[in-house]
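I have placed the structure first, in the form of structure tokens, so that the comments after it can refer back to it.
The values are calculated or read from the model by the stated rules, or taken from the named source; none is laboratory data. Model, not experiment: these values are computed from the prediction. Here the Cβ is made from the backbone with ideal geometry for all residues, glycine too, and neighbour counts use every protein chain on show.
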């Protein structure tokens, strides 16, 4: 598997836009291909490439943050992708302790740029001449920190807790949105049912009103027809009982008396009594018919 060095940018190889030369020299002295892993947004790629020119480093890949995950989780995820591709990181250099801990949990050696010094790299001849204490000192000055199993488990547990919390937050957000949408849809459906019921009731009322209007119109037409033919009917009734029509005295305006006379006449069932009443009240009956 090809060995590589993975390095951060800000606070690691650049500080306030200026090269951190001792870290850059250390990376060059190692001699491995360089992968630059930064939390800068993907939208800053062009400006970042310009910034990196000041370091003089050749790199095989520039990985930038295209999402919104926290830096430790994001960087650990990208290092995991490199491991899955078959790369063998010699060291991961980052000035943020949380980032180093997250990556160290993957079994990768990490280093704080503050501890690095290119002069700690000895040539092969010098290493062969050093005793065991010198070798240990050289490794310590390189500061490639190897975490213990307990530390790795603790860091992995913290990372898992952070990811679980993020997952739960996302789940709660989705559930809240889903419940809100369901409630709103239910309310809309209930409102629609209520309005449909109201429209149905209005339709029934309209049909009823239309029928009543038509009935009144028919009744009015019937009454108008009765009014026109009333005098003819009265003449027929008078003729049927042998009474000659009597002229109505003009000028009489006792409408109530006229109407009562006609009503009394119509209520009589005995022909003789009816004829007698007509003979006595003919003028009032004819006047009521005219009214």
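Quick look at the numbers
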read-out: Subset of the range 201-244 that is outside any helix (DSSP H, G or I) and loosely packed, with under 10 Cβ neighbours inside 10 Å - its residue that is modelled with the highest pLDDT; value: 242
read-out: Criterion: within 21 Å of residue 156 (Cβ to Cβ), modelled with pLDDT of 95 or more and either surrounded by 13 or more Cβ atoms within 10 Å (Cβ to Cβ) or in contact with a strand residue (DSSP E or B) (Cβ under 7 Å, 6 or more places away or on another chain) (or both) - qualifying residue of 92, 87; value: 92
read-out: Members of the range 276-291 that are surrounded by 17 or more Cβ atoms within 10 Å (Cβ to Cβ) and over 19 Å from residue 223 (Cα atoms); value: 277, 278, 281, 282, 284
read-out: Filter result for the condition that a residue is without any contact (Cβ under 8 Å) to a residue 40 or more places away in the chain, over 22 Å from residue 159 (Cβ atoms), in the same structural domain as residue 114 (by TED's automatic domain parsing) and touching a helix residue (DSSP H, G or I) at 6+ places or on another chain (Cβ under 8 Å), over 34, 23, 63; value: 34
read-out: Options 105, 69; residue that is within 26 Å of residue 11 (Cβ to Cβ), modelled with pLDDT under 90, in the same structural domain as residue 50 (by TED's automatic domain parsing) and within 43 Å of the chain's Cα centre (by Cα); value: 69
read-out: Candidate set: the range 65-77, residues that are touching a strand residue (DSSP E or B) at 6+ places or on another chain (Cβ under 7 Å) and surrounded by 18 or more Cβ atoms within 10 Å (Cβ to Cβ); chosen: the one farthest from residue 161 (Cα to Cα); value: 65
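Okay, residues lined up against (1) touching a helix residue (DSSP H, G or I) at 6+ places or on another chain (Cβ under 7 Å); (2) modelled with pLDDT under 50; (3) loosely packed, with under 10 Cβ neighbours inside 10 Å; (4) closer than 30 Å to residue 14 by Cβ:
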position: 113; (1), (2), (3), (4): yes, no, no, yes
position: 121; (1), (2), (3), (4): yes, yes, no, yes
position: 164; (1), (2), (3), (4): no, no, no, no
position: 174; (1), (2), (3), (4): no, no, no, no
